[in-house]
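Structure first, commentary second.
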Amino acid sequence: MGNAPSSGLPGPFLESFVTSGRINARHALSLYSAGDLSDGLELQIAMAAGSAVESLMKAGLAMLVPALLAERGDPHSILLLSGKQGMPGKSYLDCRMISAQDAKKTLIGLFPSINAVSLDIDKVLACRNTAAHLNMLAEAEVADAVRALAVSVDTLAPVLQFELSDFWGETLRDYALALVQKAMDEKRLLLEQLEVAARERLERMRELDPQVLELWAVERSAPPEATEDDEDGYREAHQCPVCEWWGWLYGSETRGSVHEEDLDHGVEYWVMREWASELFECGVCGLRLDGRTLRVAGFQVWSEIGPTKANEQEIFDYDTDKYTAMDEIADRWVHR
């Protein structure tokens, strides 16, 4: 694979993430391409695929800000991942890292394009967990996981700045690209099927009574370009690609780290909110798109909502982590 991007993270750490991702991805694809899923090989494939995706996501974070990998701002982990010695009496065995899902959420915030393969990443990780904890996996699930692995690597490649041909190697490159193409073709076919079904529903209503359809549309359409932001979540109105009335685009909101700002009237704590789209529903023609088809249909998969005040729990956790870090650093200097 090409040269790894420069980073504040010490070479061995970053190299281990990238190397682990490449080795495990090749192992999974090589085993699957052999066509023999007997004797527990399907479990090995799922485990290797999941490990590959997790390693590559964490390599992406390590490239930019190594401290993002530390679980809940653990001071020892932050120091160690930043190339420092770490806290007294602790070693790399005490390093606490975030989970694969947390790594995915953080990486999507930094690289919105990755949200397009969020479901693919989830598929690979779910199969890895099933193989590890239930010791069983159906062949169809293994096939989906391998295809999702190829798609995930294809999207992560620009983030990690490596060439797919170098990553997969000469013997596996074409097979991996074929899997990606097959996955994209399936998504386009699924989108076409969903749009055809929506058009047919619309046409049936129009044939019954065009006036009733107009009244139905007025009642069921979302307010043009509206947004709703309340305790139930955040959503945006978007024009439907089939009927051209307005439907709702739903997603999951993520809240960033707490920022502290000194003002004349005191201290203010705030977080930045980001939003990843997951579902579009049109109340008029019934079109319903999820993460598999949103990007193919041209919908934005990530956006920034803006800052908002931190809640009490976020402020409490922020203060706790800050003072714990200060105490541990002070203790380290005392015992030097």
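Tabulated data
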{"quantity": "Verdict on Leu179 being outside the structural domain of Thr293 (by TED's automatic domain parsing), of a type outside the set (D, E, K, R) and within 26 Å of the chain's Cα centre (by Cα)", "calculated": "yes"}
{"quantity": "Qualifying residue in the range 272-293 (condition: closer than 30 Å to Gln211 by Cα, β-branched (Val, Ile, Thr) and crowded, with 18+ Cβ neighbours inside 10 Å)", "calculated": "yes"}
{"quantity": "Ala148 vs. criteria assigned by TED's automatic domain parsing to the domain that holds Ile108 and either within 22 Å of the chain's Cα centre (by Cα) or modelled with pLDDT under 95 (or both)", "calculated": "yes"}
{"quantity": "Condition met for Val301 (among the β-branched types (Val, Ile, Thr), within 24 Å of the chain's Cα centre (by Cα), closer than 30 Å to Glu200 by Cα and modelled with pLDDT under 80)", "calculated": "yes"}
{"quantity": "Matching entry among Thr254, Thr320 (being at negative phi, modelled with pLDDT under 80 and not in a helix (DSSP H, G or I))", "calculated": "Thr254"}
{"quantity": "Filter result for the condition that a residue is outside the structural domain of Gly73 (by TED's automatic domain parsing), surrounded by fewer than 17 Cβ atoms within 10 Å (Cβ to Cβ) and not basic (Lys, Arg), over Gly247, Gly251, Gly256", "calculated": "Gly256"}
{"quantity": "Test: residue in the range 273-283 that is at pLDDT 85 or above and in a loop (DSSP other than H, G, I, E, B)", "calculated": "yes"}
{"quantity": "Any hit, the range 217-229, residues being closer than 16 Å to Phe280 by Cα, hydrophobic (A, V, I, L, M, F, W, C) and touching a residue at least 60 places away in the same chain (Cβ under 8 Å)", "calculated": "yes"}
{"quantity": "Residue list for the range 127-154, restricted to those being surrounded by fewer than 17 Cβ atoms within 10 Å (Cβ to Cβ) and of a type in the set (A, V, I, L, M, F, W, C)", "calculated": "Ala132, Leu134, Met136, Ala138, Ala140, Ala143"}
{"quantity": "Residue within the range 187-205 that is in contact (Cβ under 8 Å) with a residue 40 or more places away in the chain and of a type in the set (S, T, N, Q) present", "calculated": "no"}
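Condition check ((1) out of contact with any Lys or Arg (no Cβ under 6 Å at 6 or more places or on another chain); (2) crowded, with 17+ Cβ neighbours inside 10 Å; (3) more than 23 Å from Gly298 (Cβ to Cβ)) across all residues:
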site	(1), (2), (3)
Leu179	no, yes, yes
Ala197	yes, no, no
Gln211	yes, no, yes
Leu215	yes, no, yes
Glu219	yes, no, yes
Ala222	yes, yes, no
Asp229	yes, no, yes
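The values are calculated or read from the model by the stated rules, or taken from the named source; none is laboratory data. On a predicted model such as this, the values are computed, not experimentally measured, just so you know. Every residue, glycine among them, receives a Cβ derived from its backbone with ideal geometry; neighbour counts consider all protein chains shown.
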